[in-house]
Structures are given as C-alpha cells and as structure tokens.
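Data first, discussion second: the structure below is written as structure tokens.
The values are calculated or read from the model by the stated rules, or taken from the named source; none is laboratory data. Fair warning: this is a prediction, and the values are worked out from it, not measured in the lab. When we count neighbours, we look across all protein chains shown, and the Cβ atoms used for this are built from the backbone with ideal geometry, even at glycine.
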Amino acid sequence: MTSRTYPHGVPCWLDLETPAVDAAVAFYGALFGWRFTEKLPPGVPARYVVASLDGTDATAVAAFATPDPAVPAEGPPAWNTYLAVDDAEASARRVIELGGQVVTPPEQVGPPGAAAGTMVRFRDPQGAPGRLWQAGTRLGAQVVNAPGTWNFSDLVTPDPDGALAFYGALLGWEVDPQIAIGMARVPGYGDHLAATTDPDIHDRQDGVAPPGFADAVAGIGTTDGPARWSVVFAVVDRDVSAQAARDAGGTVTSTEENEWVRTASVRDPLGAELVLSQFAPQHTG
C-alpha cells in the first residue's frame, strides 16, 4: 500500500490539543467511529493519541494531544491544521520575513532516531494560528475525504488578500477566481496524487469538479472576527451526523446548503469547532 505524502504547501495533518483527551476520544469515537492508539508510554504526564479508521497508522486521520505547558493557551481547544514544508528551519525564517510570528521554533517531536517530524507553531500576519510540519515518520493523514475523515481546512480571515500574499510566498499557493472556484491551489498537487495514491483523480473529477480542483488545497473565506482555520470532515449524511454529534454531547450551531455540499457547523463538548460536510452536487455540468 502506497503511503500518502504531502508536497510543500499542502495541509497534511490535524490535531486537537486539549487537557481532556479522554472526553475528545469519547466524542469523536461516537461521531466518526474512530479507533485510538496511545503513542506515549504509560507514566508520562503528556498524552498523544492517534485516531485512525482501523487502529493502525496506515489509516491515521488525526490526533489528540495534551497542551505543551510552555505555550500559553489562548481560548478554548481548537483543531490545528499542519502545513507540509520541505525545510522547517527555512520556512520558519520565511514566516518572520513575511510578517508572521514564530510562536515556537522548529522542534523535533517523537522518539530520538525516529522522529515523527519537525514542527513549528506560528501565526500568520492576520493572527491565524497554524503549524508547519516537516515530515519524519509521521507523513500526515493517510485517509482523507472518505466519510468520517478530514475533508478540508479553510482559512477564514478579515484580510484574504494579505493572507494570500503571505501563504503564496511561504507555501506557493495560487488563486485564480476562474479556476477551482477561487480556492488556494498548489500547482501540480493533482499530478502528485495521480502518481501516488489517487491514480484516477483527473478522470473522476472530469466534468464534475471545476477545472483545476485537483490542485486545490485550502479554502479562503472572509470573516469580521479573528483569523482562524475552519476544519471540515466528510460525512455520508449531514443530518444523521449532526444528530450523532448532539447525541454525543456536541452542539449544532448552524446548517447550510449550496450547489455542492450540505454542511453542519458543530461545537464539540470541549469547545472546539468543526464542520460536517456531505458532498451533494446539484449538477454535473
């Protein structure tokens, strides 16, 4: 089985930092049917729990972690989007050059000699928190877009033009309103998928998705509030999953429909926000 890899600039991993890891496991296990594996040995005060579809890293989808006590918490728990980079050190320097903030410098995480990767916590110039990730043994999410897995991360910001200038220079993002319905793209990403884990992507999207959608890596939205990442998970049926979220102790804050998807915005019992998305295209032209 070919492992899923992520070129420079592509969102690659998710985690939720919370002191209530067991509560997170209970909610998301009930919502998505995930299975969980503790990655730190017993007796260590920290927790790092990887969620997967079958209990193995081959189907890893996300993780839950206790917060780093050296990093002050800001607000309730929130899902973190990790962005793949080829060189964490060079990318951290570039964040600063482009007007962003490096919250924690590049640090290897995971066991010595087999590091999961090198992580950088940062904030973009509009204040959105994010993570840079130079992969080691943890390549990133291995199952995506399937029901119960990560579908997309959308950057919501009061200054889309400023954000695009930053991420374009840092990660190579491009936006063309006539291609991929204005979403940020990493040119060549679709070809990378076709050559690795998704050989049918171009044929499957032909006539269904907008031109260039195979290269799309993130949505860009506008908000009057603080800049942040909105994390979207795929589901089979929006209404069934929304009710499952309620039954597990979450709150459905809104529902929406457009020509492509039916969505529900959810706040989990920990305060973290997420979006459930059912792909339901109204046309194929």
Tell me whether the range 265-276 contains one or more residues that are in a loop (DSSP other than H, G, I, E, B), among the β-branched types (Val, Ile, Thr), at pLDDT 95 or above and over 25 Å from residue 162 (Cβ atoms). no
Can you tell me which residue among 267, 262 is free of Cβ contacts under 8 Å to residues at least 60 places away in the same chain and touching an Asp or Glu at 6+ places or on another chain (Cβ under 7 Å)? 267
With respect to residue 36, determine if the residue is surrounded by 13 or more Cβ atoms within 10 Å (Cβ to Cβ), in contact with a Ser or Thr (Cβ under 7 Å, 6 or more places away or on another chain) and under 16 Å from residue 149 (Cβ atoms). no
In the range 230-239, is there at least one residue being at pLDDT 95 or above, among the aromatic types (Phe, Trp, Tyr), farther than 26 Å from residue 96 by Cα and not assigned by TED's automatic domain parsing to the domain that holds residue 125? yes
Does residue 103 qualify as being β-branched (Val, Ile, Thr), within 26 Å of residue 278 (Cα to Cα) and surrounded by fewer than 19 Cβ atoms within 10 Å (Cβ to Cβ)? no
Taking the stated definitions as given, is residue 178 under 24 Å from residue 281 (Cβ atoms), surrounded by 15 or more Cβ atoms within 10 Å (Cβ to Cβ) and modelled with pLDDT under 95? no
Scan the helices (runs of 4 or more DSSP H) fully inside the range 166-257 and keep the ones with 2 or more residues being touching a residue at least 24 places away in the same chain (Cβ under 8 Å). 189-195, 238-247
Scan (1) of a type in the set (Val, Ile, Thr); (2) closer than 20 Å to residue 83 by Cα; (3) surrounded by fewer than 17 Cβ atoms within 10 Å (Cβ to Cβ) for the single condition residue 208 breaks and write down its number. (2)
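Conditions (1) assigned by TED's automatic domain parsing to the domain that holds residue 23; (2) in contact with a Gly (Cβ under 7 Å, 6 or more places away or on another chain); (3) assigned to a helix (DSSP H, G or I), marked per residue:
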position: 72; (1), (2), (3): yes, no, no
position: 75; (1), (2), (3): yes, no, no
position: 81; (1), (2), (3): yes, yes, no
position: 94; (1), (2), (3): yes, no, yes
position: 112; (1), (2), (3): yes, no, no
Those residues that are of a type in the set (D, E, K, R) and either touching a helix residue (DSSP H, G or I) at 6+ places or on another chain (Cβ under 6 Å) or buried (at least 18 other Cβ atoms within 10 Å of the Cβ) (or both), I need them from the range 181-197; list them, please. 185
